[in-house]
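Below you'll find the structure, written out as structure tokens, and then a few comments.
Each reported figure results from applying straightforward, stated rules to the coordinates on display, with no laboratory input. Remember, it's a predicted structure, so these values are computed and weren't measured experimentally. Cβ atoms come from the backbone with ideal geometry, glycine included; neighbour counts cover every protein chain shown.
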Amino acid sequence: MTSLLDVADVHTYYGDSHVLHGVSLTVQAGTVTALLGRNGMGKTTLIRSVIGFTPPRRGIVRFRGVEVQRLPSHEIARRGIGLVPQGRRIFPSLTVEEQLRIAGRPGGPWTFEGVCDLFPCLRERQRHFGGQLSGGEQQMLAIGRALMASPALLLMDEPSEGLAPLIVRDLRDAIGQLKATGLAVLLVEQNLPLAFAVADTCYILSRGRVVHHGTAADLARDEQTRALHLGV
């Protein structure tokens, strides 16, 4: 299986605060990798380190075999990494269609119609402004916007946060469909049933360090590790 993303011995700081302490992980092409851990353990910081918002001071982020940790975030995105940020970050004053089309990349596999096929609610709401959407619809729009750039790797930061169980089920199904297309996903998630349902591999972060790495199936059965590092 091809390694798409390699993070090696990454150390990331906010000012003088040392947040990530030598984090290493791998995301394989066409797989879902879940990044788990209690709040404040460095998960979002790792996403920011990969996309270039908070570049690591030490260590390597390699995408498709090329080091990207010193590149600006827009260049990292152009190379094929998409981001679905925590909190969705959609534009409240633009319509659904506008937000999708301005994110599009000509010639890519994902089109406005393709995104609407994945999320039919967006077709129904295409003339609505972002601020008129429900939380679940905003999350679908945030995912669709990232897909419009036709990434090979999708970073998803807490996509189920604040969503009703029925919407979480739809999100689970959508991630499964994306995986079936060959898209790789690095998923930060607090909802363990969702993570275990979609992920192939799981990493657990604690205080900025990887404390567990294994298959999702093994972690789902490992009550001791979950109790120790996730509190469940």
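Of the listed peptides 218-231, 23-36, what is their order by residue-averaged count of other C-beta atoms within 10 Å, with the highest listed first?
Working: 218-231: 13.8, 23-36: 20.9.
In descending order of packing, they fall as 23-36, 218-231.
With angles folded into 0 to 90 degrees, how steeply does helix 165-180 sit against the dominant principal axis of the chain? Use alpha carbons for both and round to 10. Roughly 80 degrees, rounded to the nearest 10.
Couplings 3J(HN,Hα) for the stretch 93-109, derived from phi with the Karplus relation 6.51 cos²θ - 1.76 cosθ + 1.60 (θ = phi - 60°), are 9, 10, 6, 4, 4, 4, 5, 6, 5, 5, 8, x, 10, x, x, x, x Hz, where x marks Gly and Pro.
A dipole drawn for the stretch 45-171 from +1 and -1 charges on Cβ atoms has a positive end, and of L166, V50, V66 the residue lying farthest that way is V66.
In the stretch 90-150, a dipole from Cβ-located charges (positive for Lys and Arg, negative for Asp and Glu) runs towards its positive end, and of G114, F129, A146 it is A146 whose Cα lies farthest in that direction.
Rounded if a/c is under 1.5, else prolate if a/b is larger than b/c, else oblate: which is the stretch 90-150, with a ≥ b ≥ c the root eigenvalues of its Cα gyration tensor? Prolate, since a/c reaches 1.5 and a/b exceeds b/c. For G22, the amide hydrogen comes within under 5 Å of the amide hydrogens of V10, H11, T12, counting only partners 5 or more places away or on other chains and with H modelled in the peptide plane. Estimated from helices alone, the mean residue ellipticity of the chain at 222 nm is -9500 deg cm²/dmol (sum of -39500 (n - 2.57) over DSSP H runs with n ≥ 4, per residue). Between R123 and Q224, the C-beta separation translates, for a Förster distance of 35 Å, into a calculated FRET efficiency of about 0.15. About its Cα centre, the dipole of the chain is roughly 480 debye, where the only charges are +1 on Lys and Arg Cβ and -1 on Asp and Glu Cβ.
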